[in-house]
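Below is one structure, written out as structure tokens, with a few remarks after it.
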2 protein chains.
Amino acid sequence: MAGKTGGIMADDLRIFLRLWAGDRKFGPGKVELLERIGQEGSISAAGRAMGMSYKRAWGLVEEMNAMFATPLVESLRGGPGGGGARLTETGAEAARQFRLLEARLAEAGAAPLAVLAALMSGNMSGGK
Amino acid sequence: MAGKTGGIMADDLRIFLRLWAGDRKFGPGKVELLERIGQEGSISAAGRAMGMSYKRAWGLVEEMNAMFATPLVESLRGGPGGGGARLTETGAEAARQFRLLEARLAEAGAAPLAVLAALMSGNMSGGK
DNA sequence: GGGCGTTATGTTCAGGCAAACATATCACCG
DNA sequence: CGGTGATATGTTTGCCTGAACATAACGCCC
């Protein structure tokens, strides 16, 4: 996959896909966090794995939960291991659909993306 | 088309497409600036139309010129009207290809985008 | 019941980035 | 030849975000 910031890659040209709903953003960072929460079962572990503080990770989770009709992450305070978090069905679906969107873009946009990459690298084949 | 910030729109869900080449970014803002420079024939006029200072507009132009193999904007200091700027062939092509990329995404990504919009608005039709 | 790990939240501080302000240069034009 | 409008660039200021630090609540487990 792409670099630490996520995204689709073609040559050294990366595409960033970000969804806006009002002032709320939903992009590759939040999606990766979602996926890691699903794997790790913990917000703090997911945040650590991505090199961010728990506070920041939790803030992102709160934002996501607020921008969707149904929470994407369910969390539990106290309990075995001190607590934990897991993806809801909506959370898993949101991440899945975002990745699908990225995949669709990668295939449908390959041609114009290649032209742009060529314009940047100076290696233009198709001309105008 | 989308609001003042640009992007593709579906319901109140907007898609932002941004290209990264190293630390240089190329997104809807720069593309709109390019297009307006092409129309207005002036960096300052284009910047004014987008509500940004000349300095900022010029800085964006400089970035763009630096990230492509060939400059996207040619500028002239002094002369009739005090000077001006115009798009190079590369500049026009870059803007065109970016818009094409957006269009391809809009059609190819309609389905996952609709699902995400439904998950946000609470109006889910296709179920799980 | 005390320790532990996690969720949950407030507060403070510093760095970065954009806005505002300020100049300098250039070439036409009256 | 001075005024004008646009390019080109430097400097400063203010805000906003993220980082760091701090604390509380909670429920298992030993």
message = Treating the point 7 Å from Cα along Cα-beta-carbon as the label, what are the nm separations from B:PRO71 to the other copies, to one decimal?
response = 5.6
ask   = Heavy-atom accessible surface, probe 1.4 Å, ligands and DNA/RNA ignored: which residues of region B:66-102 lose at least 40 Å² versus the isolated chain?
value = B:PHE68, B:ALA69, B:GLU93, B:GLN97, B:LEU101
query = With each run of n ≥ 4 DSSP H residues scored as -39500 (n - 2.57), what mean residue ellipticity at 222 nm is computed for chain B after dividing by its residue count and rounding to the nearest 500 deg cm²/dmol?
reply = -16500 deg cm²/dmol
ask   = When every alpha-carbon pair in region B:24-120 is counted, what percent end up more than 24 Å apart?
value = 31 percent
note = Probe 1.4 Å, heavy atoms of protein chains only: per residue, the accessible area of the protein assembly as shown in Å² is 52 Å²
inquiry  = Suppose R0 equals 30 Å. What FRET efficiency, 1/(1 + (r/R0)^6) with r the Cβ-Cβ distance, do A:MET50 and A:ASP12 give to the nearest 0.05?
reply    = 0.85
key: Solvent exposure ordering (accessible area, 1.4 Å, most first) of A:LYS25, A:LYS30   = A:LYS25, A:LYS30
key: Two-decimal Rg/Rh across the protein assembly as shown, once Rg and the Kirkwood Rh are taken from alpha-carbon atoms   = 1.04
query = So, with a 1.4 angstrom probe, what is the percent of accessible area on chain A that is carbon and sulfur?
reply = 51 percent
task = Leaving ligands, DNA and RNA out of it, rank A:ARG86, B:ARG48, B:ARG14, B:ARG104 by accessible area with a 1.4 Å probe, largest first.
result = B:ARG48, A:ARG86, B:ARG104, B:ARG14
remark   = Log entry, pair B-A: total buried accessible area, probe 1.4 Å, protein chains only, in Å² rounded to 100, is 3400 Å²
message = Please compare each pair in A:LYS55/B:LYS25; B:LYS30/B:LYS55; A:LYS30/B:LYS30 to a cut-off of 20 Å on the Cα-Cα distance and tell me which ones are over it.
response = A:LYS55/B:LYS25; A:LYS30/B:LYS30
key: Size of charge dipole - the protein assembly as shown - debye, nearest 20, with Cβ of Lys, Arg +1 and Asp, Glu -1, no other charges   = 460 debye
task = Identify the residue of chain B whose Cβ lies closest to the rotation axis that maps chain B onto chain A, and give that distance in whole Å.
result = B:ALA108, 2
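The values are calculated or read from the model by the stated rules, or taken from the named source; none is laboratory data. A quick note: this is a predicted structure, and the numbers were derived from the prediction, not measured. Please note: Cβ atoms are built from the backbone with ideal geometry, for glycine as well, and neighbour counts cover all protein chains shown. We work out accessible area using only protein heavy atoms, side chains counted, and drop any ligands, DNA or RNA first. Shrake-Rupley method; radii C 1.70, N 1.55, O 1.52, S 1.80 Å.
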